[in-house]
Amino acid sequence: MIYETIVTTTSGQGEIHIAPFGVQWRDGFVVISPFKPSATLQNIMDSGCAVLNLTDDVRVFAAAIARKTKFATLTINGFPGNRLQECLAYHTLTLHHIEEDDLRPKLWMEVTSTVSHGLFKGFNRAQAAVIELAVLVSRLHMLPSEKIMRELEYLQIAIDKTAGPQELEAWQWLLDCVHNHMAQQAGMQQA
């Protein structure tokens, strides 16, 4: 089972990287499988740590994918990482071991602390649709245009029925990414 979360890592130069990540819980560890190359992978390899943030604000997922303004983070006392300022909970993680892979190594992360700030009420359909579109947008370069449009049309139903202002804002950021991608694809086909 994969859980959609936000992973924050810090580069050797102190730059905070915020990335949506589907993670797995296995035998008490959090397993993160970033693609090679990626900032998340490099930062964890360099620092040996990460923070797993749990939020119901789907704008964070969309902003990270659409490269919008980063959401505020805070330092964590006694831990060399940062968390989202507005999160429901977070887990501090340290690298335990790596299962090497040419495409996506599995980073087994040990939970060193857990802090809760609020209750998770669950995602409504629009929030789930935004997260699904964020995953889709992160893979635009790998998918045929027809599949992208089919998925987008289906997800739009949930947006139309249950979205609030935050979901609509996040949806538009991701929709702009899809439209830009489609325009680039059309331009390459005409060239």
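The values are calculated or read from the model by the stated rules, or taken from the named source; none is laboratory data. Worth saying up front: this structure is predicted, and the values here are computed from it rather than measured. In this analysis, Cβ positions are derived from the backbone assuming ideal geometry, glycine residues included, and neighbour counts consider all displayed protein chains. Only protein heavy atoms, including side chains, enter the accessible area calculation; ligands, DNA and RNA are left aside. Shrake-Rupley method; radii C 1.70, N 1.55, O 1.52, S 1.80 Å.
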Label model pair K161, S113: point-to-point distance (7 angstrom along the Cα→beta-carbon line) in nm is 4.3 nm
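Please work out the FRET efficiency for the pair A186 and Q13, using the Cβ-Cβ distance as r and a Förster radius of 41 Å; give the result to the nearest 0.05.
Values: r = 38 Å, r/R0 = 0.93.
Calculated value: 0.60.
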In the list (i) 49, 40, 24; (ii) 58, 45, 27; (iii) 51, 38, 32, the entry giving Cα extents along the principal axes in Å computed from the coordinates is (iii)
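Could you pull out the GluC sites (Glu not before Pro) across the stretch 41-141 that fall in loop regions by DSSP (anything but H, G, I, E, B) with no more than 14 other Cβ atoms inside 10 Å? Display every interim value, and only then the final one.
Values: sites: E86, E99, E100, E110, E132; in loops: E86, E100.
Answer in residue order: E100.
Between rounded, prolate and oblate, where does the stretch 1-53 land on the alpha carbon gyration tensor, with a ≥ b ≥ c its root eigenvalues, rounded for a/c under 1.5, else prolate if a/b exceeds b/c?
Working: a/c = 1.88, a/b = 1.78, b/c = 1.05.
Note, shape of the stretch 1-53 comes out prolate.
How far, in nm, would the chain grow between E169 and D27 when pulled straight, counting 0.36 nm per residue and subtracting the alpha carbon separation? Mind dumping the intermediate values first?
Numbers: separation 142, 0.36 × 142 = 51.12 nm, distance 3.73 nm.
Contour length minus the Cα-Cα distance gives 47.4 nm.
Round to the nearest 0.05 the FRET efficiency obtained for M149 and S38 when R0 = 22 Å and r is the Cβ-Cβ distance.
Efficiency at R0 = 22 Å is approximately 0.25.
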Any trypsin sites (Lys or Arg not before Pro) in the stretch 126-191 that lie in a DSSP loop and have at most 12 other Cβ atoms within 10 Å would be R139
The chain, Gaussian network, Cα under 10 Å: of D56, D176, D27, the residue fluctuating most is D27
log10 I(q)/I(0) for the stretch 37-136, Debye formula on C-alpha points only (no solvent), q = 0.16, 0.19, 0.22, 0.25 Å⁻¹, two decimals, reads -0.83, -1.13, -1.31, -1.35
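Under the 0.36 nm per residue contour assumption, what length would be gained going from the current alpha-carbon distance of F123 and E99 to full extension? If you can, show how the numbers build up before the last one.
Numbers: separation 24, 0.36 × 24 = 8.64 nm, distance 3.19 nm.
Value of the extension gain: 5.4 nm.
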Judged on accessible area alone, 1.4 Å probe, highest first, K68, K121 line up as K121, K68
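For D46 and Y3, calculate 0.36 nm times their separation in residues minus their Cα-Cα distance, and state this gained length in nm to one decimal. Numbers along the way, then the final one.
Details: separation 43, 0.36 × 43 = 15.48 nm, distance 2.46 nm.
Contour length minus the Cα-Cα distance gives 13.0 nm.
Per residue, how many Å² of accessible area does the chain show with a 1.4 Å probe?
Working: 10530 Å² over 191 residues.
Result: 55 Å² per residue.
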In debye to the nearest 20, the charge dipole size for the chain, taken about the Cα centre with +1 at each Lys and Arg Cβ and -1 at each Asp and Glu Cβ, equals 160 debye
If exposed means chymotrypsin sites (Phe, Trp or Tyr not before Pro) lying in a DSSP loop and surrounded by at most 16 other beta carbons within 10 Å, then the longest stretch of the chain lacking such sites spans residues 36-119
